[in-house]
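Written out below as C-alpha cells is the structure these notes cover.
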Amino acid sequence: MYDDEDLEEIRDAGQQWDAETLEPTLERRGERQDRFATVSNHEVDRLYTPDDVGDLDYLEDLGFPGEEPYTRGPYPTMYRGRTWTMRQFAGFGTAEETNERFHYLIDEGQTGLSVAFDMPSLMGLDSDDPMSEGEIGKEGVAVDTLRDMEILFDGIDLAEISTSFTINPSAPVIYAMYVALADQRGVSREQLRGTLQNDMFKEFIAQKEWVIPPEPSLDLVTDVLEFSTAETPKFHPISVSGYHIREAGSTAVQELAFTLADGFGYVEDAVDRGLDVDEFAPRLSFFFNCHNSFFEEIAKFRAARRIYARVMDDWYDAEADESKRLKFHTQTAGQSLTAQQPLNNVARVTIQALAGVLGGTQSLHTNSFDEALALPSEKAVRVALRTQQIIAEESGAADIVDPMGGSFAVETLTNEIEERTMRYIEEIREMGDGSVRDGILNGIGDGYFHREIQDASYEYQERVERGEEVVVGVNKYTLEEDTSPDTLKIDETTAERQLGRLANVKAERDDAAVAEALDAVREASERGENTIPSLVDAVKAYATMGEIMSVFEERYGAYSESLGLA
Ligand SMILES: C[C@H](C(=O)O)C(=O)SCCNC(=O)CCNC(=O)[C@H](O)C(C)(C)COP(=O)(O)OP(=O)(O)OC[C@H]1O[C@@H](n2cnc3c(N)ncnc32)[C@H](O)[C@@H]1OP(=O)(O)O
C-alpha cells in the first residue's frame with residue numbers, strides 16, 4: 001500500500017524514534033511485562049507501522065466489501081443495510097417453556113431464533129430411554145416427536161423468522177421434523193430460513209457427541225446438504241463450527257484452521273457425490289467463537305473470509321460469488337465466563353461481542369452473565385440482548401463498514417493468522433494425500449486433533465496458574481463474599497410432562513404406519529439413497545427420534561474413540 005521510497009523513509013524515521021524517543025523512555029520506566037501475547041499466546045509487538053504491511057496489496061488482499069476476497073465483509077453496506085441477526089441460543093424444559101422464552105425474546109427485539117436441545121435429543125435418544133433419566137429438559141428442550149416441534153413453534157411464522165438448530169448426530173431427524181412442520185402448516189419449503197448445525201467433523205474433533213462412526217456420519221451430513229440444496233434453498237444445511245473447538249481449549253488459529261478444513265472436507269464430499277459446488281456452497285455457513293483478545297479475534301474473522309474466498313476459488317473452482325463469500329455466526333466465549341463475580345461477565349461479553357461486530361459477523365449470540373452457573377435467567381438473557389442492541393444502536397460500530405481495515409496492527413494480525421492457518425490446513429490436506437476430507441478422517445482416527453487441542457489447552461491452563469493470564473475475579477482482584485445471582489430453576493415436573501406427552505403420541509399414532517416408515521428409512525440407507533425423504537415421512541408418522549436413530553445405529557454400530565491408542 002506504500003511505495004518503496006515511502007517505506008524507506010518510514011523505516012528510517014522509525015529507527016530514529018527507537019533511539020531517541022523509545023530507548024530513553026524504556027530506560028527511565030520499563031514496560032509492564034517482558035512479553036505481550038494474546039490469549040492464544042501469540043506474541044504481539046509494541047507498535048505496528050506501514051512497514052509491517054508493506055507487502056499488502058489493497059485490491060488483492062483487502063478489496064471492497066461485498067467483493068472478493070471479502071476481507072472487508074460479505075456485503076457492500078454491511079450493518080448500514082441490515083444489522084446482524086440477534087440470535088440468542090435458548091431452550092429448556094419442554095417445548096411449552098421454550099416456546100414461551102422464544103416469544104419473550106422476540107418481544108424484546110431479538111431478530112432470529114436458536115434452539116438448544118437437551119442431551120437425550122442431541123444424542124438421538126427418546127425421553128423414555130433409560131439413558132435419558134435425569135437429563136430430560138435439563139440443558140435444552142426435549143424433542144421426541146414432531147408433536148414437540150409443533151408446540152415449540154406455536155405462534156411463530158416459519159416463513160418470517162430464521163431459526164438455528166444446534167444439533168449434530170441426530171440433526172437429520174430434527175431437520176426432517178422442521179420440513180414436516182412446514183408442510184403441515186402450508187409454508188412452502190423454499191421459504192424455510194434457518195441453519196442446522198449438522199457438523200459431525202467438529203463432533204469427532206472436539207465436542208465428542210456422536211452415535212455412529214465418522215464415515216456414515218459424514219454420509220448423513222451430505223444427505224441433508226443434498227436434500228436442502230434442492231428442497232429448502234434458503235436454509236443453511238451445515239453450520240461449520242469452530243466454537244466448540246475453541247471451547248475445548250484450542251488457539252484462535254487452530255479454531256480457524258480446523259473449522260475451515262472441516263468446511264473444505266464437506267465441500268469435497270459433496271463434490272464427490274456429484275453435486276455442483278456453485279449449487280450448494282452459497283448456503284454453507286460457519287460459526288466461530290469470540291474470545292477476549294480483541295484485535296486477534298477481529299483479525300481472525302477477516303482472515304477467515306480471505307482464506308475461504310481464495311481456497312474455494314483455487315482448490316474447488318468455485319465461480320459464483322456467493323460460493324466464495326464466507327458468512328458466519330458468532331458466540332461470545334463461554335469458557336471465558338467466570339462463576340466468581342458473575343456481573344463481570346457483562347463486560348467480557350461486551351468486548352467479545354464488539355469484536356464479533358467489528359469482524360463482520362452475520363449473526364450473534366451474547367452469553368448471559370449467569371451462564372457459568374446455570375441456564376440463563378430471563379433477566380440475564382435480557383441484559384445479553386440489550387448488549388447487542390447497545391452496540392448496534394448506540395455505539396456507532398454498525399455505521400462504518402470494516403472500521404478496523406487499514407489498522408497496521410489488525411492488518412498485520414490478519415496476515416499472520418492467514419499464514420499460520422494455511423500451514424495447518426495444508427498439513428491436514430497432506431494427511432489425506434491431497435484430500436482435506438480424508439486428512440480429517442485420518443486425523444480423527446489417530447487422535448491428531450485431540451492432541452493438538454489438548455496441548456494448547458494445557459499450555460493455557462499453565463499460564464493461568466502462573467498468573468501470566470489474568471482472569472479478573474479468579475486469579476486477581478478476588479473477593480470472599482458471595483456474589484451469586486438468582487439462577488433459573490428447571491421445573492421438576494418437566495420429565496413427567498414430557499414422558500406423558502411421548503406416551504400419548506405413541507398411543508395415538510398408527511403403529512403399522514410407523515413400522516413401515518422405519519423400514520423405508522432402513523431400505524433407503526441400505527440402497528445408498530439419500531435418506532432425508534424417508535426421514536420426513538417417518539417423522540410425519542410420528543416415529544420418534546430414538547426409533548429413527550436406532551435404524552442407523554443397528555446398521556453401522558455405535559462408535560467409540562480410540563485416539564490412536566489402540
Ligand atoms: C455453543 C452452543 C452449544 O453447542 O451448546 C451452540 O453450538 S449454539 C450455535 C448456534 N448457532 C447459530 O445460531 C447459527 C446461526 N447461523 C445463521 O444464522 C446463519 O447460518 C448465518 C450465519 C448465515 C446468518 O444468517 P442470517 O439469516 O441470520 O443472516 P444473513 O447475513 O444471511 O442475512 C439474512 C438476509 O439478509 C441479507 N442481508 C443481510 N445484510 C445485508 C446487507 N447489508 N445488504 C444486503 N443484504 C443483506 C442476506 O443476504 C440474507 O438474505 P438471503 O438469505 O436471501 O441471502
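The set of residues in region 158-191 being surrounded by fewer than 22 Cβ atoms within 10 Å (Cβ to Cβ), within 11 Å of the ligand (Cβ to nearest atom) and hydrophobic (A, V, I, L, M, F, W, C) consists of Ile161 alone.
When Pro233 is tested against (1) within 21 Å of Ala281 (Cβ to Cβ); (2) within 13 Å of the ligand (Cβ to nearest atom); (3) open to solvent by less than 20 Å² (accessible area, probe 1.4 Å), just one condition goes unmet, and that condition is (3).
The set of residues in region 392-411 being within 16 Å of the ligand (Cβ to nearest atom) and either of a type in the set (A, V, I, L, M) or within 22 Å of the chain's Cα centre (by Cα) (or both) consists of Ala392, Ala397, Ala398, Ile400, Val401, Asp402. Residues in region 63-78 that are open to solvent by less than 10 Å² (accessible area, probe 1.4 Å) and either of a type in the set (Gly, Ala, Ser) or near the ligand (Cβ under 8 Å from one of its atoms) (or both): Gly63, Gly73, Pro74. Would you check if there is a residue in region 483-494 being assigned to a helix (DSSP H, G or I) and within 30 Å of Thr338 (Cβ to Cβ)? There is at least one residue in region 483-494 that is assigned to a helix (DSSP H, G or I) and within 30 Å of Thr338 (Cβ to Cβ). Name the residue that is farthest from Glu554 (Cα to Cα), counting only residues in region 513-531 that are hydrophobic (A, V, I, L, M, F, W, C), open to solvent by 20 Å² or more (accessible area, probe 1.4 Å) and under 34 Å from the mean Cα position of the chain (by Cα). Filtering region 513-531 for residues that are hydrophobic (A, V, I, L, M, F, W, C), open to solvent by 20 Å² or more (accessible area, probe 1.4 Å) and under 34 Å from the mean Cα position of the chain (by Cα), the one farthest from Glu554 (Cα to Cα) comes out as Ala520. Does Glu378 satisfy being in contact with a Lys or Arg (Cβ under 9 Å, 6 or more places away or on another chain), charged (D, E, K, R) and at pLDDT below 95? Taking the combined requirement at face value, the residue satisfies it. Against the list (1) touching a strand residue (DSSP E or B) at 6+ places or on another chain (Cβ under 6 Å); (2) open to solvent by less than 40 Å² (accessible area, probe 1.4 Å); (3) over 11 Å from Leu152 (Cβ atoms), the condition Leu113 fails is (3).
Among residues of region 492-512 being among the aliphatic types (A, V, I, L, M) and open to solvent by 40 Å² or more (accessible area, probe 1.4 Å), the one that is nearest to Leu535 (Cα to Cα) is Ala512.
When you scan region 318-331, do you find a residue that is within 12 Å of the ligand (Cβ to nearest atom), under 23 Å from Phe36 (Cβ atoms) and either modelled with pLDDT of 95 or more or touching a Phe, Trp or Tyr at 6+ places or on another chain (Cβ under 8 Å) (or both), even just one? Spell out the reasoning first.
Initially, region 318-331 is screened for residues within 12 Å of the ligand (Cβ to nearest atom), giving 321-322, 325-331.
Narrowing the set further to residues that are under 23 Å from Phe36 (Cβ atoms) leaves none.
No: zero hits.
Yes or no: Thr361 under 18 Å from Tyr79 (Cα atoms) and either open to solvent by 30 Å² or more (accessible area, probe 1.4 Å) or touching a helix residue (DSSP H, G or I) at 6+ places or on another chain (Cβ under 6 Å) (or both)? Against the criterion (under 18 Å from Tyr79 (Cα atoms) and either open to solvent by 30 Å² or more (accessible area, probe 1.4 Å) or touching a helix residue (DSSP H, G or I) at 6+ places or on another chain (Cβ under 6 Å) (or both)), Thr361 does not qualify. Among the criteria (1) in a loop (DSSP other than H, G, I, E, B); (2) without any contact (Cβ under 8 Å) to a residue 60 or more places away in the chain, the one Asp126 does not fulfil is (2).
Might you let me know whether region 277-285 holds any residue that is β-branched (Val, Ile, Thr) and within 25 Å of Ala355 (Cα to Cα)? No, every residue in region 277-285 fails to be β-branched (Val, Ile, Thr) and within 25 Å of Ala355 (Cα to Cα).
For Ser170, indicate whether it is touching a strand residue (DSSP E or B) at 6+ places or on another chain (Cβ under 7 Å) and touching a residue at least 60 places away in the same chain (Cβ under 8 Å).
The answer is no for Ser170.
For region 385-395, the set of residues classified as crowded, with 17+ Cβ neighbours inside 10 Å and over 11 Å from Glu108 (Cα atoms) consists of Thr387, Gln388, Ile391, Ala392, listed by residue number.
Report yes if Met149 is in contact with an Asp or Glu (Cβ under 7 Å, 6 or more places away or on another chain) and surrounded by fewer than 24 Cβ atoms within 10 Å (Cβ to Cβ), otherwise no. Here the answer is no, as Met149 does not meet what is asked.
Annotation note: of Ser293, Ser250, Ser285, the sole residue that is farther than 20 Å from Phe201 by Cα and either surrounded by fewer than 23 Cβ atoms within 10 Å (Cβ to Cβ) or within 16 Å of the ligand (Cβ to nearest atom) (or both) is Ser293.
Restricting the first member to region 68-88 and to residues that are touching a residue at least 40 places away in the same chain (Cβ under 8 Å) and over 16 Å from Gln388 (Cα atoms), and the second to residues that are of a type in the set (S, T, N, Q) and more than 7 Å from the ligand (Cβ to nearest atom), the beta-carbon pairs closer than 8 Å and six or more apart or on different chains are Thr71/Thr414.
Against the list (1) within 16 Å of the ligand (Cβ to nearest atom); (2) part of a loop (DSSP other than H, G, I, E, B), the condition Ile136 fails is (1). Residues in region 195-208 include at least one that is within 15 Å of the ligand (Cβ to nearest atom), surrounded by fewer than 18 Cβ atoms within 10 Å (Cβ to Cβ), within 18 Å of the chain's Cα centre (by Cα) and in a loop (DSSP other than H, G, I, E, B).
Quick one: would you say Ala353 is part of a helix (DSSP H, G or I) and either within 14 Å of the ligand (Cβ to nearest atom) or within 16 Å of the chain's Cα centre (by Cα) (or both)?
Judged against the criteria, Ala353 is a match.
Only one of the numbered conditions (1) within 16 Å of the ligand (Cβ to nearest atom); (2) under 21 Å from Pro533 (Cα atoms); (3) part of a loop (DSSP other than H, G, I, E, B) is violated by Asp144, and that is (1). Taking the conditions exactly as written (touching a residue at least 12 places away in the same chain (Cβ under 8 Å) and touching an Asp or Glu at 6+ places or on another chain (Cβ under 8 Å)), does Met549 satisfy them or not? Against the criterion (touching a residue at least 12 places away in the same chain (Cβ under 8 Å) and touching an Asp or Glu at 6+ places or on another chain (Cβ under 8 Å)), Met549 does not qualify.
The values are calculated or read from the model by the stated rules, or taken from the named source; none is laboratory data. Just so it is clear, the structure is predicted and the values come from calculations on it, not from any experiment. No Cβ is skipped: glycine too gets one built from the backbone with ideal geometry, and neighbour counts run over all protein chains shown. Just the protein is used for accessible areas: all its heavy atoms, side chains included, with ligands, DNA and RNA removed. Shrake-Rupley method; radii C 1.70, N 1.55, O 1.52, S 1.80 Å.
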